[in-house]
Amino acid sequence: MPTPPPADVIEPHTWTDEIQTRAEFDRRLATGSLVGLTVQGLRLDLDPIPDLTGVDVTGTLFVGCRFAARQVGADLVRRGANVVPPFSGLPYPTQPSHLYTPEELATGFAEGGFAAMYDTRVYAHFRTHGGALPDVREALGQRLHDHGVDNALADATRAWLATHGPQSVVGVMGGHAVRRGSEPYRMAAVLGRELARAHRLVVTGGGPGVMEAANLGAYLSTRSAEDLAAAIDLLATAPDFADHHRYTAAALRVRELFGRPVTPPVNGSEPATAFRADSAALAGDLDWAGCGGLAVPTWLYGHEPANLFAGRIAKYFSNAIREDTILRLARGGIIFAPGRAGTVQEVFQAATKTYYGTDGVSGAYVFLDRAYWTRELPVESLLRPLLAASPFGDLSDTVHLTDDVHEAVRLLVR
């Protein structure tokens, strides 16, 4: 195993040469120079259409921008710019300017059911173009999309981290097959609710089961415990995620009855679906964090219905990037509810980061259900001696086991 990379290689950077909003673009344009800047995902074909003819664009990179005519892009290239236009024929943006919202992923459901949803249509396209092994054109489109999600995620979390610090972000991992209404589902929902009420940003993998329950609890964190129980009872009428249409319809009904939408404002950016967003406004808005937290799913698992209870959704094509992103963010600790191979993989992937201090100081690892994690899948017996041998000293005291949701929360917010 190689040694971890130097700190400056992995620490987040703020790039001042990236333009992601029309307001910032217009401000820079007024100076007469866009030299060396990167312009991402803007609708430059909308009124007022900018006049670029007299502007210095030497070394400017336009990624995923739309122009009023093809000739505009060609002229920019002739004058020294680099232009990567949006790919035609894709159901997703090649340079999304903001994270997805539940409303965006569910677009089309009301008119055509589950098959007509934006999320489902993107997954169908993903499958028909090679799935995890796409053709070259599709691979480039997916990589550009995921890079846009990376940027949008950095923008969306920057204000939260500046206000609350990295130790305020808590991951919740666990089985995707946990049925709505079951006792493990209810425990995960209470967990998410209490973490959000303690001003923790709840981060999940964005799937069903434990992940949906944790985001649901965070989504209803300002509502009563009775409301949360009633919402779960309604969801339990469609307990199995394999029943895609009923499962999604029940989630949307809960949102209608118990929650509130957190919808991006309209601006001149490339739409993720039918919506357009000002990424700067979204970056400074923390309302979403207390209205469901963050979900980080992948279309690799697109056969699972979208988790519609997170405030923001960083959906990737690459599962490897998505896994690393979740664990990199969750510096305030991780709760592991019972799960199988995927959850165990996350346990030791997280342990590798803690062992080497790859992303800085780690929070507690809290394993919910002592019997499960000591007898059925005894990861504790491997994890403690591994962390005890860390180059940074004995870190085995970061491992905790409990059967009590409330104790699990106390271990993370003390």
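The values are calculated or read from the model by the stated rules, or taken from the named source; none is laboratory data. The structure presented is a predicted model; accordingly, all values stated were derived computationally and were not measured. Quick reminder, even Gly has a Cβ in these numbers, built from the backbone with ideal geometry, and neighbours come from all protein chains shown. Accessible surface is based on the protein model in full, side chains and every heavy atom, while ligands, DNA and RNA are left aside. Shrake-Rupley method; radii C 1.70, N 1.55, O 1.52, S 1.80 Å.
Things to note:
- Within the assembled protein chains, the solvent-accessible surface assigned to residue 121 is about 100 Å², based on a 1.4 Å probe.
- Distance between the 7 Å Cα→Cβ label points at residue 371 and residue 341: 2.6 nm.
- For segment 98-188, with all protein chains in place and a probe radius of 1.4 Å, 63% of the accessible heavy-atom surface sits on carbon or sulfur.
- Net charge of neighbours whose Cβ lies under 12 Å from the Cβ of residue 120, counting Lys and Arg as +1 and Asp and Glu as -1: 0
- Per-pair calculated FRET efficiency, R0 = 41 Å: residue 71 and residue 222 via Cβ, rounded to 0.05: 0.20
- Net lengthening on full extension, residue 242/residue 324 (0.36 nm per residue, minus Cα-Cα): 26.8 nm
- The label point for residue 135 and the one for residue 406, both projected 7 Å from the Cα toward the Cβ, are 5.9 nm apart.
- Note that the chain presents 41 Å² accessible area per residue, ligands and nucleic acids not counted, probe 1.4 Å.
- Calculated FRET value between residue 49 and residue 124, using beta carbons and R₀ = 45 Å, to 0.05: 0.85
- Here the spin labels are modelled as points 7 Å beyond Cα on the Cα-Cβ line, and at residue 79 and residue 116 they lie 4.4 nm apart.
- Isotropic mean projected area of the C-alpha convex hull, the chain (nm²): 20.5
- Under the convention that each Lys and Arg Cβ holds +1 and each Asp and Glu Cβ holds -1, the size of the dipole of the chain around its Cα centre is about 160 debye.
- Net charge of Cβ neighbours under 12 Å - reference residue 173; Lys, Arg +1; Asp, Glu -1: -1
- Charged-residue dipole, Cβ positions (Lys, Arg, Asp, Glu), segment 324-414 about Cα centre, Debye nearest 20: 140
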